[in-house]
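First up is the structure itself, then whatever we jot down about it.
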Amino acid sequence: MYTVLVSDAINAEGLKPLLDMPNLEIIQKKSDDPSVRLESIDALLVRSATKVTEQLLDQMPNLKIIGRAGVGVDNIDVPAATKKGIVVVNAPDGNTISTAEHTFAMMASLMRRIPQAYVSVKNTEWKRSTFVGTELHGKTLGIVGLGRIGAELAKRAKAFGMTITVFDPFLTKERAAKLGVESASLEQLLQSSDIITVHTPLTPETKGLINSKSLSLTKKGVYFLNCARGGIIDELALADYIGSGHVAGAALDVFELEPPGEHPLLKFDQVIATPHLGASTKEAQLNVATQVAKEVRLFLEDMPVSNSINLPAISKDLYAKLQPFHQLAKQMGAILSQCVKTGIHELSITYSGSATDLETPYLTKALISGFFKNRIDAYVNEVNALLTAKERGITIGEKISVDAFGYSNCITVTAKGEDSAFTVRGTYIDHYGPRIVFLNGFNIDFLPDGNLLYIQHMDRPGVIGRVGKILGDLSVNIATMQVGRKEAGGEAIMVLSFDNPIEEQTLSALSKLEDIVSINSILL
Ligand SMILES: NC(=O)c1ccc[n+]([C@@H]2O[C@H](COP(=O)([O-])OP(=O)(O)OC[C@H]3O[C@@H](n4cnc5c(N)ncnc54)[C@H](O)[C@@H]3O)[C@@H](O)[C@H]2O)c1
Ligand SMILES: O=C(O)CC[C@@H](O)C(=O)O
């Protein structure tokens, strides 16, 4: 049974993928509502109002996924979520068109003074000469950040006969040419634009990107737009430049603090504003809610998600290929963890044969998460696997090799400690399944699943029989048994599988047997 908390106003129809899911309860309440049992929540769905802070996450130990019905995740402490292994997904393109259209509407309104004229007419005035505007045609629009929204805005502005200058450090020449925009430095953009609009995410690099210094480079009479995030344009600096008459006006959909209340910028008649409405259309809200609900459902059904902020994107087709190896890698990590009881400082993973064609970094993370699963008292998954290893001083090495030891593919992992090393090798055989084919120096062949016993013993007559007898005497049924040795009379291993977990008294009885070197119970 999963519990999903929807803590912002999210389109109800869009939640259908979750509403249709069996064994799932949806609670639609604010996260600070005292009736909400935060500790029981598995998934949290938000827009921009809920601030998903580390403190909130600390109260949600069961939380596995946060879905943001929108683009910007600046209201979510993503590093804190990542550290806790919580997947963060968003709906990156569901509101692109709506936000681009809103930005365009704001630009046209700003230049033609439509909001001011509207208020005047409503006040029974008819001041035609007061509201003389400026055409968009022939003007240079400077776009800072040419991602999804910036690009859609550029298309619309071009249709209105505007010249587009773009500053985006990640913009390639090919994409600029394809969109018919001119790529420029921020300085060039500031100096040449008649209207400047920002469409970057709010990050430590973009906070205050437009500040007093940048404003001093702009043309007198320039206009500014911010329909991305409050804070990308320094609000007080902008207010100074509007106050001095250098900046002719601004259109703002977003503020550093929302709602802005009595804000210095709102005192200017030449500033128009909307209450963060960029994505507020029926279409966008349905799109983002559906997109994020689908993602959360996929995740809860153990399927790959495509729009995660802190997990690599894996398509359904790719995951279908990856899934058997993903499971194998997790099991190998868990086997290693239960066989190696001492501290380790390195996990070295080698992919061979056709396994090298797979998304190996993802498999490495799965293997590490399997390794930590029963070893530490924290939730470790692909999201925080590397971070967890780093925090515990474990170096991760990933290699590829052509030598697949006679198999078509294999994954080999070695855990290295102070003066010991333990190696596990696994393969996936089509139409047969996953097999562990090498364990701590011994060739072997067993299915990594269920309740296993790994016994290291001396290769002497009667050992296997004695193990069988003890288990029989204790009414423990052996499901399968595989043996392996390096040389006659030397050390050997046996791996047994059982229908039920092995009890402590069975382990104790087996460990007292002659010629037994060590016994490990492995639960997968
Ligand atoms: N007002 C609203 O309701 C609303 C709606 C949707 C999105 N947004 C905001 O708009 C932002 C952009 O959305 P998007 O879907 O276009 O995102 P996007 O990721 O497609 O585009 C962001 C662009 O910014 C560029 N960029 C990043 N750092 C930069 C920097 N330092 N200088 C210049 N460019 C930089 C990136 O290269 C990218 O091309 C979102 O992050 C969100 O905060 C607001
Ligand atoms: O939830 C909203 O309406 C705002 C969404 C918007 O700011 C976004 O980043 O997608």
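The values are calculated or read from the model by the stated rules, or taken from the named source; none is laboratory data. Please read all numbers here as calculations on a predicted model, not as lab measurements. Cβ atoms come from the backbone with ideal geometry, glycine included; neighbour counts cover every protein chain shown.
Name every residue in the stretch 48-69 that is within 14 Å of ligand 2 (Cβ to nearest atom), at pLDDT 95 or above and either of a type in the set (Gly, Ala, Ser) or over 12 Å from the mean Cα position of the chain (by Cα) (or both), in order of residue number.
The answer is 50, 51, 52, 67, 69.
For residue 300, which of the numbered conditions (1) within 16 Å of ligand 1 (Cβ to nearest atom); (2) surrounded by fewer than 21 Cβ atoms within 10 Å (Cβ to Cβ); (3) of a type outside the set (Phe, Trp, Tyr) fails to hold?
Here residue 300 clears every test but (1).
Counting only residues that are surrounded by 15 or more Cβ atoms within 10 Å (Cβ to Cβ) and among the charged types (D, E, K, R), which one in the stretch 108-154 is farthest from residue 248 (Cα to Cα)?
148
Could you check the stretch 444-515 for strands (runs of 3 or more DSSP E) lying wholly inside it with 1 or more residues that are within 49 Å of the chain's Cα centre (by Cα), surrounded by fewer than 18 Cβ atoms within 10 Å (Cβ to Cβ) and among the hydroxyl-bearing types (Ser, Thr, Tyr)?
Working: elements: 451-458, 478-485, 491-498.
Answer list for the stretch 444-515: 478-485.
Can you tell which of 138, 142, 94 is more than 25 Å from residue 229 (Cα to Cα) and either within 12 Å of ligand 2 (Cβ to nearest atom) or modelled with pLDDT of 95 or more (or both)?
None of the other options fit; the residue is 138.
Tell me yes or no: at least one residue of the stretch 231-250 is within 14 Å of ligand 1 (Cβ to nearest atom), at negative phi and touching a Gly at 6+ places or on another chain (Cβ under 6 Å).
The answer is no; no qualifying residue exists.
Return the pairs, sorted by first residue and then second, in which the second residue is modelled with pLDDT of 95 or more and among the basic types (Lys, Arg), the first residue lies in the stretch 75-86 and is within 23 Å of residue 254 (Cβ to Cβ), the beta carbons are less than 7 Å apart, and the residues are 6+ apart or on different chains.
75/51; 76/68
Can you pull out the residues in the stretch 157-176 that are more than 31 Å from the chain's Cα centre (by Cα) and surrounded by fewer than 17 Cβ atoms within 10 Å (Cβ to Cβ)?
158, 159, 160, 161
Quick check on the stretch 92-103. Is at least one of its residues within 15 Å of ligand 1 (Cβ to nearest atom), part of a loop (DSSP other than H, G, I, E, B), touching a residue at least 12 places away in the same chain (Cβ under 8 Å) and surrounded by fewer than 21 Cβ atoms within 10 Å (Cβ to Cβ)?
The answer is yes, given that some residue of the stretch 92-103 is within 15 Å of ligand 1 (Cβ to nearest atom), part of a loop (DSSP other than H, G, I, E, B), touching a residue at least 12 places away in the same chain (Cβ under 8 Å) and surrounded by fewer than 21 Cβ atoms within 10 Å (Cβ to Cβ).
What residue, among those in the stretch 145-175 that are without any contact (Cβ under 8 Å) to a residue 24 or more places away in the chain and over 17 Å from residue 101 (Cβ atoms), is nearest to ligand 2 (Cβ to nearest atom)?
Among them, the one singled out is 170.
Looking at the structure I just gave you, is residue 111 under 18 Å from residue 247 (Cα atoms), of a type outside the set (Lys, Arg) and within 16 Å of ligand 2 (Cβ to nearest atom)?
Spelling it out, it is not the case that residue 111 is under 18 Å from residue 247 (Cα atoms), of a type outside the set (Lys, Arg) and within 16 Å of ligand 2 (Cβ to nearest atom).
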